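**Student:** Here it is, the structure in full.
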Ligand SMILES: Nc1ncnc2c1ncn2[C@@H]1O[C@H](COP(=O)(O)OP(=O)(O)O)[C@@H](O)[C@H]1O
Ligand SMILES: [Mg+2]
């Protein structure tokens, strides 16, 4: 019955593409999480009244974040071609999409991280200072744990954006469900392949959303 | 134990400067519960935050156990802060940690190995009466319980001093009293010096030995709680004392009892310190052949004994009344005949 609705869908290819999409998503979410938290912390800590208050450093980071957020993803891929080529020796395949995916979404996530950190009760930071905590202790034992639900729901939103970016990256031959939909579906006018890929992507998005919501709820003891 | 000399703090903002603490000098002895009272904006929080250098003073010195807090390096200051406990109006607990983990936090900061933390944490949980709530999160606790966690946390590294900034101001009156009782028992058990900031006279009355009254950054009056209460000098102090004795203002109502009759006298009794606990009135009416008519008054218990005033009417033979007054004087209670009301 399914073969009637999807005559041109090759399940073998579908699974390979799904694997590539998941691979790109996982690695880029991980990279975005780390880079975004670093940038977000830097934005937060150098802000007025905070631990590393530093107006010029704050402005520099803010400009980098805002500029890279303003660049459309598809253009960012093209701009990063030389960098990717240098780094990986290729501009094709799932790995080649990773630099653009991470650079494209980390600044967005950094803003979410900063917003989450700002929500941390100043009184709690002050209590930690009064106990004689080092800045490192305040970052790892107060700021990050206390903002964790926001950091998790932020990375969930970002991950979903990343899944759609991986599909876009398919257009330049990164592989994955987007690539399959474009090459096998759109180019050859096989609408059933486009539909199947869409369904797979939607399911992946739902799973990510579900896991993200679940974790963020689990760890929120407020 | 703590000597504060000419301490000042000026806040400079774009368009104006605020002299939050202005030339404050205070001496606090070991084991004291020292209260600082003042209205909102008087500079109390700034004062207490200067002691552990959460604010840097503009001028003056803070000498804690012979160590000037103002000339410590950053690393030394962190070590020193581990020996100064602090509790807050809004408790400032980490919601991401359980009661147990919150209390263990200062031990982690002090670098105590995990194995050695447990005994201390459990001992503190016992001390503040939270046994069985180790694994609760702050959001599952009442305000009073949260403050108990705050107190346990502040005691984790065996501090020499405990700073309390409006520690009971977010609590209802009954819970406030429970927390104050806990502070007194800690003060006695651990011989811990406590500096307590409040805008509530009740708190000072209930647990402080000594008090300083703050107004616009200045200390306008300081000394033993009873002395300051008995003889308030400044207007602010008088207003605070009034809070405790709302009836004092209504001496007017005594008018009807004041007559030229020799067989009736209206008398103001002044209780200070421990004699206020005596059953003076029943003593008098048993020993002498007179009637005692209680008109009005109030007695406020303080850490250093009670204090207060009581207006009574003595009815009897003029000589007996005279004897009674002499007897009352020998008990240390102040006596004053009221023959007119102005
Ligand atoms: N960080 C700050 N910057 C500027 N002004 C401040 C700051 N902290 C306190 N002040 C000012 O100092 C004065 C005393 O404040 P505070 O110590 O909080 O008083 P209290 O605790 O007695 O209510 C107030 O006028 C307040 O506005
Ligand atoms: Mg205050």
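The values are calculated or read from the model by the stated rules, or taken from the named source; none is laboratory data. Computed from a prediction, not measured in an experiment: that's the story for all the values here. Here the Cβ is made from the backbone with ideal geometry for all residues, glycine too, and neighbour counts use every protein chain on show.
**Student:** Quickly run through region B:37-86 and pick out the residues that are within 15 Å of ligand 2 (Cβ to nearest atom) and more than 23 Å from the chain's Cα centre (by Cα).
**Tutor:** Result: B:55, single match.
**Student:** Can residue A:51 be described as at pLDDT 95 or above and surrounded by fewer than 17 Cβ atoms within 10 Å (Cβ to Cβ)?
**Tutor:** no
**Student:** Another question about this same structure. Looking for something within 14 Å of chain B (Cβ to nearest Cβ) and surrounded by fewer than 20 Cβ atoms within 10 Å (Cβ to Cβ) - is there at least one such residue anywhere in region A:100-119?
**Tutor:** yes
**Student:** Given the conditions (1) closer than 21 Å to residue B:127 by Cβ; (2) within 16 Å of ligand 1 (Cβ to nearest atom), report the number of the one that residue B:217 does not fulfil.
**Tutor:** (1)
**Student:** Next up: Name the residue, out of B:3, B:10, B:58, that is more than 16 Å from ligand 1 (Cβ to nearest atom), surrounded by 14 or more Cβ atoms within 10 Å (Cβ to Cβ) and more than 14 Å from chain A (Cβ to nearest Cβ).
**Tutor:** Among B:3, B:10, B:58, only B:3 is more than 16 Å from ligand 1 (Cβ to nearest atom), surrounded by 14 or more Cβ atoms within 10 Å (Cβ to Cβ) and more than 14 Å from chain A (Cβ to nearest Cβ).
Residues checked against (1) at pLDDT 95 or above; (2) more than 9 Å from chain A (Cβ to nearest Cβ):
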{"residue": "B:49", "(1), (2)": "yes, no"}
{"residue": "B:70", "(1), (2)": "no, yes"}
{"residue": "B:82", "(1), (2)": "yes, no"}
{"residue": "B:90", "(1), (2)": "yes, no"}
{"residue": "B:100", "(1), (2)": "yes, yes"}
{"residue": "B:108", "(1), (2)": "yes, no"}
{"residue": "B:120", "(1), (2)": "yes, yes"}
{"residue": "B:130", "(1), (2)": "yes, yes"}
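**Student:** Report, ordered by the first and then the second residue, all pairs with beta carbons closer than 6 Å, sequence separation of six or more or different chains, a first member in region B:29-43 that is within 14 Å of residue B:304 (Cβ to Cβ), and a second member that is within 16 Å of ligand 2 (Cβ to nearest atom) and modelled with pLDDT of 95 or more.
**Tutor:** Taking only residues 6 or more apart or on different chains, the pairs are B:34/B:195; B:35/B:196.
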